[in-house]
Amino acid sequence: MFTKRHIISMRDFSRAEIDHILQRAEALEPFASKKKSDLLAGKILAMLFYEPSTRTRLSFETAMRRLGGEAISMVSTEASSAAKGEMLADTIRVVGEYADVIVLRHPKEGSARMAAEISKVPIINAGDGAGHHPTQTLLDLYTIKRESHLRNLNIVLIGDLKYGRTIHSLAYALSLYDAKISLVSPEQLQMPSEIKDDLKKRGIDVYETTKLEDVVADADVLYVTRIQKERFPDPSEYQKVAGSYRISTESLKNCKDDMIIMHPLPRVDEIDVDVDSTKHAKYFKQAFYGIPVRMAVLSLVLGCDV
Ligand code: CP
């Protein structure tokens, strides 16, 4: 079902397939920190990152190494032949001769799909501009499953809902689980109407507001995002919305006792550091869950059974 498959967008997956990946992640979680495995021994992962990353790149590398495989990296365009003008298609063809699977992050929307069309090894999209970042969505779902619940979920998505690629994929994936979704953002950063229309067509209850206090009391999950400064065509537009919301212990005073806060990270100033020590903060655990989820994805596309 997954062997040699490209992982490009959450829209390529059914709910049953997502559940299968999450179950495999649960089975592999003991290997994410302690137990040793040689499940991926002899396999090589190549990581091509044309944009900065900390979590995605390092958690893929950790996942590969913990399962006995190896990882090779291109971590900046300046240090590779991209600086000499090499086109992405040629790089993909060449790296496919060196590795069994490629993880690609690229600023151009659609680049991962294009790479998949010509690659002889599976491509895993680690972010294509404002497009998709499917393994982030999978680890978000896994975090919700492990730390809260996916059934009858009431989730608040807050922040940059226009440019945040993780939030679009997550909203789509949550529609497969019939979640109730509240959207909180400044008016300039509202979720694109085609995504909201799609959610409504799927029968999802979507509520939109500019004020967190309208929705925080009923939330099971508060999913916070960074304002994506690098995606604004006009820097002065960014200045108008920079710092327009910030989660503090004060803003959580009416929340449910078991409400969890998630954030794909990196954080800039959207969550006060005081919140980190509350029982609600799960964003660092969320970053850890990237390891078992990426272990699951790598082992599936490489056809290595647990
Ligand atoms: N969440 C995420 O994709 O983080 P990085 O940009 O550090 O990889």
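The values are calculated or read from the model by the stated rules, or taken from the named source; none is laboratory data. These numbers come from a predicted model, not from an experiment. Note that each Cβ is placed from the backbone with ideal geometry, even for glycine, and that neighbours are counted across all protein chains shown. The accessibility values were calculated without ligands, DNA or RNA, using every heavy atom of the protein model including side chains. Shrake-Rupley method; radii C 1.70, N 1.55, O 1.52, S 1.80 Å.
When only the Cβ of Lys, Arg, Asp and Glu is charged (+1, +1, -1, -1), the dipole of the stretch 218-306 relative to its Cα centre reaches about 160 debye. For the peptides 266-275, 294-303, 97-106, the ranking by packing is 294-303, 97-106, 266-275, with the highest mean count of neighbouring Cβ atoms within 10 Å listed first. Taking a straight Cα-Cα cut-off under 25 Å and skipping sequence neighbours fewer than 8 places away in the same chain, the lysines within cross-link reach of Lys43 are Lys4, Lys34, Lys35, Lys120. Helix 165-175 and the longest principal axis of the Cα set of the chain meet at an angle near 80°.
Between the amide H of Ser182 and those of Ile155, Val156, Leu157, Tyr207, distances stay under 5 Å, these residues lying 5 or more places away or on another chain, with hydrogens modeled in the peptide plane. Shape summary of the chain, radius of gyration then Dmax from alpha carbon positions: 19.1, 55 Å.
A simple spin-label model places the labels of Arg15 and Met1 1.4 nm from each other, with each point 7 Å out along Cα-to-Cβ. Normalised size of the stretch 51-90, defined as Cα radius of gyration per 2.2 N^0.38 Å with N residues, equals 1.40. Taking only the Cα atoms of the stretch 135-287, the radius of gyration and Dmax are 14.3, 41 Å. Note on Asp276 and Lys36: the model spin-label points, each 7 Å out from Cα along the C-beta direction, lie 3.3 nm apart. Once C-alpha pairs closer than 8 Å and six or more residues apart are averaged by separation and normalised to the residue number of the chain, the relative contact order reads 22 percent.
Can you pull the percent of the chain's accessible area that's carbon plus sulfur, 1.4 Å probe, other chains left in place? Carbon plus sulfur share of accessible area: 47 percent. Springs between Cα atoms under 10 Å define the GNM used for the chain, and in it the highest mean-square fluctuation of Asp234, Asp276, Asp258 occurs at Asp234. Here the simple spin-label model places points 7 Å from the Cα toward Cβ, and for Ala27 and Glu230 these points are separated by 3.5 nm.
Only DSSP H runs of four or more residues enter the estimate; each adds -39500 (n - 2.57), and after division by the residues of the chain the mean residue ellipticity at 222 nm equals -10000 deg cm²/dmol.
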